[in-house]
Amino acid sequence: MRTEITELLGIKYPIIQGGMAWVAESRLAAAVSEAGGLGIIGAANAPAEWVREQIQEAKKRTEKPFGVNVMLMSPYAEEVAQVVAEERVPVVTTGAGSPERYVGLWKEKEIKVIPVVASVAVAKRMQRCGADAVVAEGCESGGHIGESTTMTLVPQVVDALTIPVIAAGGIGDARGIAAVFMLGAKGVQMGTRFIVTKECQAHQNYKEKILKANDITTKVTGRSTGHPVRILRNEMTRKYLELEEQGASLEELENLTAGALRKAVQEGDVKNGSVMSGQIAGLLTEEMTCKELIEKLVSETDELLKGMKIYE
Ligand code: TUI
């Protein structure tokens, strides 16, 4: 499965693990990279020293390339950007903003820069400022999302850019991978699918909630605040959406979600915590190791694309 993305990143398969806040730590990232994909440590809102420890831990666990996702709304984004450069992490992905001011710093250290984008306009800006590739992320994704679906976003970004495009949002199995290859993507990024792996350290309650979800279990909170976030429905989303409908203040809404993701991921409080998840949760029924998962995805995608015969 060699594509422009495997060549660019020096990896075996063009399968990237999403840099999920609180979930994507060194053990998961190292397991994905060891299995031939690209593991990512999610810096999210964590302090730079935590990110450095995670990078050093991942380096102990794998000699293969891995990445760090820098969440640009974090108060620590600037320091994390520096740590990534100092540690010469092979790949950086970014989310929730534009990484333009850090691109020079990273490129100086020969770090591959892959911004996650949710629109054609931002994708074009990223190419202009020197990105090596982009992740085009549709609103089927969990967490902070844009407006367009993967089906509509990916081919439009592919046509607008010359650098390779990685598709994300709503991909949970080989059918999803084959589908986005058809849309012109050269790789995939999967988040939710990697939460339900043996190496993922998220609380078992979080994993179970994803495994029990169906096609309509996710909700989008925060549309009124300009920061829409896709989460599995629970007591917290019910209260949040009710408050939002009543026109509650930003402060009231933020009180409800402060620390809520950590509460779900680490403490397993899936009633009052934020259980961020993509819409593909309903397709997922089984926890496996990263190696088992990646090998299954690759062999089934191969089969689908080799035997492709849609009609007579
Ligand atoms: O970043 C994500 N997903 C995330 S970040 C996150 S942490 C968080 N938690 C609570 C509230 C808010 C954030 C949880 N999930 N995905 C990548 C992504 N980036 N999707 C959309 C964008 C994006 C949005 C706007 C990228 C660039 C952009 O605009 C750039 C600009 O400055 O115009």
(Q) For the range 47-77, which positions are within 11 Å of the ligand (Cβ to nearest atom) and touching a Ser or Thr at 6+ places or on another chain (Cβ under 8 Å)? (A) ASN69, VAL70, MET71, LEU72
(Q) For the range 288-311, check the following and say yes or no: at least one residue is touching a strand residue (DSSP E or B) at 6+ places or on another chain (Cβ under 7 Å), outside any helix (DSSP H, G or I) and either without any contact (Cβ under 8 Å) to a residue 24 or more places away in the chain or within 22 Å of GLY42 (Cβ to Cβ) (or both). (A) yes
Q) Can you tell which of ILE114, ILE163 is surrounded by fewer than 22 Cβ atoms within 10 Å (Cβ to Cβ) and more than 10 Å from the ligand (Cβ to nearest atom)? A) ILE163
**Q.** the range 235-257 residues that are within 16 Å of the ligand (Cβ to nearest atom), paired with ones that are part of a helix (DSSP H, G or I) and open to solvent by 100 Å² or more (accessible area, probe 1.4 Å) (beta carbon under 8 Å, 6 or more apart)
**A.** GLU244/ARG223
Q: Only helices (runs of 4 or more DSSP H) wholly contained in the range 1-83 count here; list those with 2 or more residues that are small (Gly, Ala, Ser), in contact with a helix residue (DSSP H, G or I) (Cβ under 7 Å, 6 or more places away or on another chain) and at pLDDT 95 or above.
A: 26-34, 48-61
Q: Pick out the one residue from ALA46, ALA81 that is closer than 27 Å to ALA35 by Cα and in contact with a Phe, Trp or Tyr (Cβ under 6 Å, 6 or more places away or on another chain).
A: ALA81
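If I ask for residues that are open to solvent by 10 Å² or more (accessible area, probe 1.4 Å) and within 15 Å of GLY191 (Cβ to Cβ), which ones from the range 1-30 would you list?
As a first pass, look at the range 1-30 and keep what is open to solvent by 10 Å² or more (accessible area, probe 1.4 Å): 1-4, 7-13, 19-22, 25, 27.
Listed by number, the residues that qualify are GLY19, MET20, ALA21, TRP22, GLU25.
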Q | Of the criteria (1) of a type in the set (A, V, I, L, M); (2) over 17 Å from GLU295 (Cα atoms); (3) over 12 Å from the mean Cα position of the chain (by Cα), which one ALA35 fails | A | (2)
Q: Determine which member of the set THR150, THR217, THR192, THR221 is within 15 Å of the chain's Cα centre (by Cα) and either hydrophobic (A, V, I, L, M, F, W, C) or under 16 Å from SER274 (Cα atoms) (or both).
A: THR192
(Q) Can you tell me which condition ALA178 does not meet? The list is (1) open to solvent by 20 Å² or more (accessible area, probe 1.4 Å); (2) more than 21 Å from VAL229 (Cβ to Cβ); (3) among the small types (Gly, Ala, Ser); (4) in contact (Cβ under 8 Å) with a residue 12 or more places away in the chain, and all the others hold. (A) (1)
Q: Could you run through the range 242-268 and say how many residues are more than 22 Å from MET73 (Cβ to Cβ) and either part of a loop (DSSP other than H, G, I, E, B) or among the hydrophobic types (A, V, I, L, M, F, W, C) (or both)?
A: 4
Q: Check whether at least one residue in the range 281-298 is under 15 Å from THR221 (Cα atoms), aliphatic (A, V, I, L, M) and either open to solvent by less than 70 Å² (accessible area, probe 1.4 Å) or in contact with a His (Cβ under 9 Å, 6 or more places away or on another chain) (or both), and report yes or no.
A: no
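Look at GLU86 and say whether it is out of contact with any Pro (no Cβ under 8 Å at 6 or more places or on another chain) and farther than 23 Å from VAL165 by Cα. Outline the logic, then answer.
Details: out of contact with any Pro (no Cβ under 8 Å at 6 or more places or on another chain): yes; farther than 23 Å from VAL165 by Cα: yes.
Taking the combined requirement at face value, the residue satisfies it.
From the list PRO90, PRO47, PRO75, exactly one residue is in contact (Cβ under 8 Å) with a residue 60 or more places away in the chain, more than 21 Å from ALA136 (Cβ to Cβ) and open to solvent by 30 Å² or more (accessible area, probe 1.4 Å). Which is it?
When all the criteria are applied, what remains is PRO90.
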Q: Answer yes or no: is there a residue in the range 94-101 that is near the ligand (Cβ under 8 Å from one of its atoms) and either more than 20 Å from the chain's Cα centre (by Cα) or of a type in the set (A, V, I, L, M, F, W, C) (or both).
A: yes
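The values are calculated or read from the model by the stated rules, or taken from the named source; none is laboratory data. Note that the structure is predicted; figures quoted are calculated from it, not measured. All Cβ positions, glycine included, derive from the backbone under ideal geometry; neighbour counts span all protein chains shown. We work out accessible area using only protein heavy atoms, side chains counted, and drop any ligands, DNA or RNA first. Shrake-Rupley method; radii C 1.70, N 1.55, O 1.52, S 1.80 Å.
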